[in-house]
Amino acid sequence: MNKLCRDTASLLSFVLALILGLTAAPRLSRAEEQIEALRAPFHVGESVLACGKVAQVSARSGVAYINLDRPYPNQSLALVIWQSELAAYETRFGKLSTLEGKRACARGTIEEYRKSLQMILKNPQFLRLMTP
């Protein structure tokens, strides 16, 4: 009987450790979700990895825009880079205009601004060029 109690206690300890391990295990959250830029309207306010073809790169008054899928004003998602961070992006990627026609993914929060969707990029590590 003593062996049976020890075996039962060991089994219960194992099951409890397993349950605690499963509930503590990291899970993919919505923050880790990868989406196509075309699906951005369904993810406003969420942090995602959004991917699309760079259709247009433009700059004006202290800001650069990387428009995904279609040129402005019909872009699926605009990636916004402020002038203060532009040098870091150009160090990593060269002139941003060379990104046109390439597939890119960016990590950040999708926001609505003046009836368009955008993602403000603050670090070049959150922008990736994808191989075809």
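Key figures for this structure:
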quantity	calculated
Two-site label geometry, LEU49 and LYS115: point separation in nm, points 7 Å out along Cα→Cβ	3.4 nm
Per-q log10 I(q)/I(0), the range 30-130, q = 0.12, 0.20, 0.24 Å⁻¹ (Debye; single scatterer per alpha-carbon; no solvent)	-0.32, -0.94, -1.40
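Bear in mind that the values in this text are calculations on the coordinates, not laboratory data. This one's a predicted model, so the numbers in the text were calculated from it and none came from an experiment. Here the Cβ is made from the backbone with ideal geometry for all residues, glycine too, and neighbour counts use every protein chain on show.
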